[in-house]
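Here the structure comes first, spelled out in structure tokens, and everything after it is commentary.
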There are 2 protein chains.
Amino acid sequence: MNEDSFLKCIVDSNRRRILMFVGQGEKCVTELVELTGMEQSLVSHHLRSLRDCGLVRSRRHGKKILYNTSSSDIVDLLSRIREVADSVKELAEGRECV
Amino acid sequence: MNEDSFLKCIVDSNRRRILMFVGQGEKCVTELVELTGMEQSLVSHHLRSLRDCGLVRSRRHGKKILYNTSSSDIVDLLSRIREVADSVKELAEGRECV
DNA sequence: CACACATATAAATACACATTCATATTATGT
DNA sequence: ACATAATATGAATGTGTATTTATATGTGTG
């Protein structure tokens, strides 16, 4: 049930991009809008999903709300996923020749 | 682009179940139907997705077609994902009290 | 208090995709 | 060659969900 919502959350590439950015340090929504090029409301929606899953945390700082990852494990896992995806891709392409 | 299709493939819990079963050793479609309780056509559809992504391989053995994982990294990654999901869940639940 | 800035939310739309149902393909044994 | 077993495919359906548009909420400042 939980692994499921976790994966549903990181399957979206826009949410993964947000995760990578906040993984490099606290960011406010406006910064994320600029970094990603997405609409503000879309960023907010995704941040909501990420927070509901426990993938990011937020704190208020004046008018702004700062977001960061709840755990560094998450960013590590994302790169591990990319590694495995790449190696699987190579295997699959090697097989095409057969 | 590729990380994306990889994640889209493992986000489905039925495909993850299939992956876990074939990760324990070669299985034919009929076995997977019995193990998972899914309809035969559904298993076939999912196996197709998994094969298109390079996550499983198949070979013919008589009437049957045997499937297995293309790499043991995949099963390892699935358990790693479960670990991180669990730890994130704990963090999130700890935060609820605040 | 009123205004501007920062963020969140709600409803509407569009689209992807899992599942089902029906049917096709391929192989084996007699 | 035929019947049956094993698997695959195609079309139809339904459901979930990302994105957009519009609006609301909250916060500091003059």
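None of the figures in this text is laboratory data; all of them are computed from the coordinates on show. Values in this document were obtained by computation on a predicted structure and should not be read as measured data. Heads up, the Cβs are rebuilt from the backbone with ideal geometry, glycines too, and the neighbour counts pull from every protein chain shown.
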Report task. Can you tell me which residue within the stretch A:41-61, out of those that are on the phi < 0 side of the Ramachandran plot and surrounded by 20 or more Cβ atoms within 10 Å (Cβ to Cβ), is farthest from DNA strand D (Cβ to nearest atom)? Result -> A:Val56
Report summary line: Within the stretch A:12-40, the residues that are within 8 Å of DNA strand D (Cβ to nearest atom) and either in contact with a Lys or Arg (Cβ under 6 Å, 6 or more places away or on another chain) or more than 14 Å from chain B (Cβ to nearest Cβ) (or both) are A:Met38, A:Glu39, A:Gln40
Requested in this report: Kindly check whether there is at least one residue in the stretch A:36-59 that is closer than 25 Å to B:Asn14 by Cβ and of a type in the set (Gly, Ala, Ser).
Outcome: yes
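Rundown of residues vs (1) farther than 15 Å from A:Asp4 by Cα; (2) not polar (S, T, N, Q), yes/no style:
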{"site": "B:Lys8", "(1), (2)": "no, yes"}
{"site": "B:Arg16", "(1), (2)": "no, yes"}
{"site": "B:Leu35", "(1), (2)": "yes, yes"}
{"site": "B:Gln40", "(1), (2)": "yes, no"}
{"site": "B:Arg57", "(1), (2)": "yes, yes"}
{"site": "B:Ser71", "(1), (2)": "yes, no"}
{"site": "B:Asp86", "(1), (2)": "no, yes"}
{"site": "B:Ala92", "(1), (2)": "yes, yes"}
Requested in this report: Please work out which one of (1) more than 15 Å from B:Val84 (Cα to Cα); (2) more than 11 Å from the chain's Cα centre (by Cα) is the condition A:Ser71 fails and give its number.
Outcome: (1)
Report summary line: Of those in the stretch A:10-31 that are within 11 Å of DNA strand C (Cβ to nearest atom) and over 12 Å from the mean Cα position of the chain (by Cα), the residue nearest to A:Asp73 (Cα to Cα) is A:Glu26
Query - Output for the stretch B:41-98, where each listed residue is part of a helix (DSSP H, G or I), more than 10 Å from chain A (Cβ to nearest Cβ) and touching a residue at least 12 places away in the same chain (Cβ under 8 Å) - result: B:Leu42, B:Val43, B:Ser44, B:His46, B:Leu47, B:Ser49, B:Leu50, B:Ser72, B:Val75
**Report entry** Test: residue in the stretch A:8-16 that is in contact with a Phe, Trp or Tyr (Cβ under 9 Å, 6 or more places away or on another chain) and either of a type outside the set (D, E, K, R) or more than 24 Å from B:Arg17 (Cα to Cα) (or both)
**Finding:** no
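In the stretch A:45-60, how many are within 13 Å of A:Cys28 (Cα to Cα) and basic (Lys, Arg)?
3
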